[in-house]
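The values are calculated or read from the model by the stated rules, or taken from the named source; none is laboratory data. It should be emphasised that the depicted structure is a prediction, and the values quoted were computed from it without experimental measurement. Cβ sites come from the backbone with ideal geometry, for glycine too, and all protein chains shown count toward neighbours. Accessible surface areas use protein heavy atoms only, side chains included; no ligands, DNA or RNA. Shrake-Rupley method; radii C 1.70, N 1.55, O 1.52, S 1.80 Å.
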Amino acid sequence: QVQLVESGGGLVQPGGSLRLSCAASGSISSTNTMNWYRQAPGSSRELVATITSGGSTDYGDSVKGRFTISRDDAKNTVYLQMNSLKPEDTAVYYCKMRLRTYLPGRWDDYWGQGTQVTVSS
């Protein structure tokens, strides 16, 4: 059984910063691409950032230059550093990881439970 646990969300003023973490645990043999998504009320889920197993990154246009995704494979953890936050960044943030387990030994996508980020004065 694989579990992804997110942390680091909260309330922050416009212009502030937050750092989200997502740690995977369980019978994991390998990791691949990791992503952060977000979903605001009444909106569809939006891809925010991607990091490949090789460390290549990509960002949604709305967060480029403000957010940074990183990973620590020794800890099976992905991070999202969010700077210069705006009210429109308010959403529930979800991590997703492509992982291979020892049994049954296949690749699958796993999601975190979500963490609320609210940007407001």
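With the simple spin-label model, which puts each label point 7 Å out from Cα in the Cβ direction, the residue 40 to residue 68 separation comes to 2.5 nm.
Taking all protein chains into account, the per residue accessible area for the stretch 16-115 stands at 49 Å² (1.4 Å probe). Counting only Cβ charges, +1 for Lys and Arg and -1 for Asp and Glu, the dipole size of the chain around its Cα centre is about 120 debye.
What a 1.4 Å probe finds exposed on the stretch 58-119 is 47% carbon and sulfur by accessible area, rounded to a whole percent. Sequence-distant contacts, meaning Cα pairs under 8 Å at least 6 residues apart, place the relative contact order of the stretch 21-106 at 40 percent.
Fully extending the segment from residue 32 to residue 103, taken as 0.36 nm per residue of separation minus the present Cα-Cα distance, adds 23.9 nm. Summary of packing: across the peptides 72-83, 100-111, the per-residue average of other C-beta atoms within 10 Å ranks them, highest first, as 72-83, 100-111.
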